[in-house]
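Trainee: Please find one structure pasted underneath; my questions will follow.
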Amino acid sequence: MAVKVYDPADVDLLIADIPIAGFADGEMITLEFTSQAFTSMAGSDGEVARSKSNDRRAVCTVKLLQTSDSNDLLSALYASDQLASNGAGIGAFLLRDGQGRSLYTAAECWIQKHPNVSFDREPTPREWVIEIADCQAFTGGN
């Protein structure tokens with residue numbers, strides 16, 4: 001049996017071609033799919049019908065340190081999307097475990113909303129919520 005290693009420093013995240021760094025302590029990135037791949041319905045006699053969903057949207061929540069320079073970059077991306085009428089804040093998405101085989105990609109993603117902020121005695125995290133259209137996913141091991 002071989003020893004395998006996970007290193008959070010080898011997790012790559014790019015939002016609209018912007019490399020993201022300066023993650024908060026603990027759970028730093030979550031990815032959740034919006035819809036189930038299939039839904040089912042049972043008829044009166046128990047026959048089951050299954051329906052495939054083609055909705056591959058996902059939501060990625062990124063927790064950054066208050067001090068992270070990536071906050072500046074995401075703020076600029078969000079502002080450009082708000083000010084331009086042509087979707088200036090839409091770009092590609094990539095999440096990859098550099099030491100493993102997990103890979104999540106999409107041609108289009110955007111910032112859902114500006115993060116909530118708080119100021120405390122110590123730095124607080126900033127949670128950026130990214131919506132992803134047509135996320136292609138492969139969840140692998142290390």
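Trainee: Residues of the stretch 66-105 being free of Cβ contacts under 8 Å to residues at least 40 places away in the same chain and touching a helix residue (DSSP H, G or I) at 6+ places or on another chain (Cβ under 6 Å), which ones? Give the steps one after another, and end with the answer.
Mentor: Our first condition is that a residue be free of Cβ contacts under 8 Å to residues at least 40 places away in the same chain; within the stretch 66-105, this holds for 72, 75-76, 78-88, 102-103, 105.
Within the stretch 66-105, ALA88 is the sole residue that qualifies.
Trainee: Would you confirm whether or not the stretch 6-15 contains a residue that is at pLDDT below 95, among the acidic types (Asp, Glu) and closer than 30 Å to ASP120 by Cα?
Mentor: Scanning the stretch 6-15, I find at least one residue that is at pLDDT below 95, among the acidic types (Asp, Glu) and closer than 30 Å to ASP120 by Cα, so the answer is yes.
Trainee: Is the stretch 16-28 home to any residue that is closer than 25 Å to ASP134 by Cβ, in contact with a Cys (Cβ under 8 Å, 6 or more places away or on another chain), in a loop (DSSP other than H, G, I, E, B) and open to solvent by 60 Å² or more (accessible area, probe 1.4 Å)?
Mentor: The answer is no, given that none of the residues of the stretch 16-28 is closer than 25 Å to ASP134 by Cβ, in contact with a Cys (Cβ under 8 Å, 6 or more places away or on another chain), in a loop (DSSP other than H, G, I, E, B) and open to solvent by 60 Å² or more (accessible area, probe 1.4 Å).
The values are calculated or read from the model by the stated rules, or taken from the named source; none is laboratory data. None of the values given here were measured: they were computed from a predicted structure. Positions of Cβ are generated from backbone atoms using ideal geometry, with glycine treated the same way; all protein chains shown enter the neighbour counts. Ligands, DNA and RNA are stripped out before the accessible areas are found, and what is left, the full protein with its side chains, is counted by its heavy atoms. Shrake-Rupley method; radii C 1.70, N 1.55, O 1.52, S 1.80 Å.
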